[in-house]
Each structure stands twice: as C-alpha cells, then as structure tokens.
Amino acid sequence: MNQVSNQAPHHQGRWRIALIQSDIVLGEPEVNRENLERAMERAARAAEKPDIILLPELWNTGYALTEMSTLADPEGRDSRKWLASFAIRHGIHVVGGSIAEIREGHVYNTMPVFNRSGEEVAAYSKVHLFRLMEEEKYLQPGERSVTFVLDGQQAGAAICYDIRFPELVRSLALRGAKLLFVAAEWPHPRLNHWRTLLAARAIENQMYVIACNRAGTSGGDTFCGHSLIIDPWGDIVAEGGEGEEIVTGSIDLSLVDQVRRRIPVFADRRPQLYE
Ligand SMILES: O=C(O)CCC(=O)C(=O)O
C-alpha cells in the first residue's frame, strides 16, 4: 500500500499534522510554555499550514513528580486558556499533549483537546500510571477512556505507557476511532519498544497513529524523540530524529476504510472467545 500524498488538502478527512517534538525544562511551566509557543507559531505559519497540532506529554512540568502539588496547573486553567486561544488565533485543532493539573486535591496527567474554534472537545487523564517512574506515588489515574470528534472524524486519546495496552486502543477503535493521538515522554533505552508498539497499534486496529514524544534529557533520562505518524497499513508517513523538531505529514482517513475493507479484521473478530 502506498503512502498517502504529502500534499493532501484538509477536507474530507485529509489533514496536515504537525508534531511539536520539543525539549521540556523540568519544573518550569512558564519557560516551557514560551518555548512551545515559539515552535507552535512557527508550525502554524509554515507554507503548508497544519490542521492539527499535537504536543508532548507533561509539557508544563516535565517529570517533576515530587513537586507536582505546587507546580501542577490548578484545574488546568492557565494551560487550557492558552491552548484555546492558540487554536482560535490560527484556526487549528490543538491536541494539547498533556499537562499536570490539580483537581480536588489530586494531580492528573491530562490531555485536553481543542477544536479550531477553541472549544474543548475532550479531556483524557492517563489511566495507566507507569510504576517504573513511580507515577502511581504522585499521580491519580484517570477512570475513563476517551474518544472525540474533530471535523466530523472520530479519534482516540492515549498517553505514553498506554500504548502497551492493546485492549485500550482496540476499545477506542471499536468505538469508531480512525486515528489515535499519543502524547509521550518516552525514554531510552526503549526506542525499539516505542516504534514497534506504535506500529502494532496502527496495524492491528487499521488506524492512523499520531504520536508526539519529547526530546532532550532530564533527571538521568534521555528521551527518544522519533515522533511518528503511521498509517493504517503500518507504513511510516513521517518520523522525527532525536532532537527538537517539528515533524509534519499529511493523512487521508479514507485509507482507514480501504485497509479495513481489504483485510476485514473487525468483521472477523470472535470476542466471545477472548474472555
Ligand atoms: O512504557 C514505557 O516504556 C515508557 C512509559 C513512560 O515513560 C510513561 O508512561 O511515562
């Protein structure tokens, strides 16, 4: 199956995507916002304007887990206001990576999503906390999986460790998601896992996987970059290197239906045998 054209116009499920693969300064939300804003403005003013911008995980605080109670954004208010105003200013959908936010005394790792009009169409809080980095000691897990609609197209949300749970992504696909947005702070030495898991989620669910990882180093971890856009056949539309970069590519959601017709995985499922 051929890759989709890089020139696809943004109508009828054809979108140009920009992934803001940035470094994140530990515990410095204002600095991070300023850095991201510069990169997002650059992406928005490119000759081929994106329809959707995706940011990395925990872009406000980084993994400053022990300081979350003071650093996390109360109700995510400031971060949301800023993301919404960017979406309105440029008429671009903003899948807001994720932010540390405090709600009712708990810190959540939450991906807010804004449409071109600046309306918040979804907020997904990471449901699988990553014990290897002791997230469960400092964060509260979300309690629901989330799909949302942009320009009439159904999408699903995932954050980092979530991609190790095929059942989560399958459930999003069964609810109609034709693409999955992933925000991550995925470190070495697991680049191979990152690339393989993302490709597997795309192939098995016959959906686009659009994943933005951070770059840089922090607290002894070196992050992989390699943000990816993978099509429903498993081909790579765009992939970043290791450093800071805006990764862009175009997608055509009619390819999802084509692939699902060619190999009818969803029609061939036998869920009564799986549990
Ligand atoms: O699953 C992994 O290897 C990385 C996950 C991770 O870093 C995270 O969820 O923050």
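Key figures
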{"item": "Residues of the range 141-164 satisfying the condition of being near the ligand (Cβ under 10 Å from one of its atoms) and either of a type in the set (S, T, N, Q) or not in a strand (DSSP E or B) (or both)", "result": "CYS160, TYR161, ASP162, ILE163, ARG164"}
{"item": "Condition check for ARG261: charged (D, E, K, R) and closer than 18 Å to CYS160 by Cα", "result": "no"}
{"item": "Residue that is farthest from the ligand (Cβ to nearest atom) [pool: residues in the range 176-201 that are within 23 Å of ALA267 (Cα to Cα) and among the charged types (D, E, K, R)]", "result": "LYS178"}
{"item": "Filter pass, SER98 being surrounded by 14 or more Cβ atoms within 10 Å (Cβ to Cβ) and either more than 17 Å from CYS212 (Cα to Cα) or touching a Lys or Arg at 6+ places or on another chain (Cβ under 9 Å) (or both)", "result": "yes"}
{"item": "Residue in the range 65-78 that is away from the ligand (no atom under 16 Å from the Cβ), free of Cβ contacts under 8 Å to residues at least 60 places away in the same chain, in contact with a Ser or Thr (Cβ under 6 Å, 6 or more places away or on another chain) and assigned to a helix (DSSP H, G or I) present", "result": "yes"}
{"item": "Test: residue in the range 238-257 that is closer than 25 Å to HIS93 by Cβ and within 16 Å of the ligand (Cβ to nearest atom)", "result": "no"}
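Residue-wise test of (1) over 20 Å from SER85 (Cα atoms); (2) among the β-branched types (Val, Ile, Thr); (3) surrounded by 17 or more Cβ atoms within 10 Å (Cβ to Cβ); (4) modelled with pLDDT of 95 or more.
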{"residue": "ASN2", "(1), (2), (3), (4)": "yes, no, no, no"}
{"residue": "GLN12", "(1), (2), (3), (4)": "yes, no, no, no"}
{"residue": "GLN21", "(1), (2), (3), (4)": "yes, no, yes, yes"}
{"residue": "GLY27", "(1), (2), (3), (4)": "yes, no, yes, yes"}
{"residue": "ASN35", "(1), (2), (3), (4)": "no, no, yes, yes"}
{"residue": "ALA39", "(1), (2), (3), (4)": "no, no, yes, yes"}
{"residue": "ALA43", "(1), (2), (3), (4)": "no, no, yes, yes"}
{"residue": "ALA46", "(1), (2), (3), (4)": "no, no, no, yes"}
{"residue": "LEU54", "(1), (2), (3), (4)": "no, no, yes, yes"}
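The values are calculated or read from the model by the stated rules, or taken from the named source; none is laboratory data. Since the structure is predicted, the reported quantities are computational estimates derived from the model, not experimental observations. Note: ideal-geometry Cβ built from the backbone for every residue, glycine included; neighbour counts use all protein chains shown.
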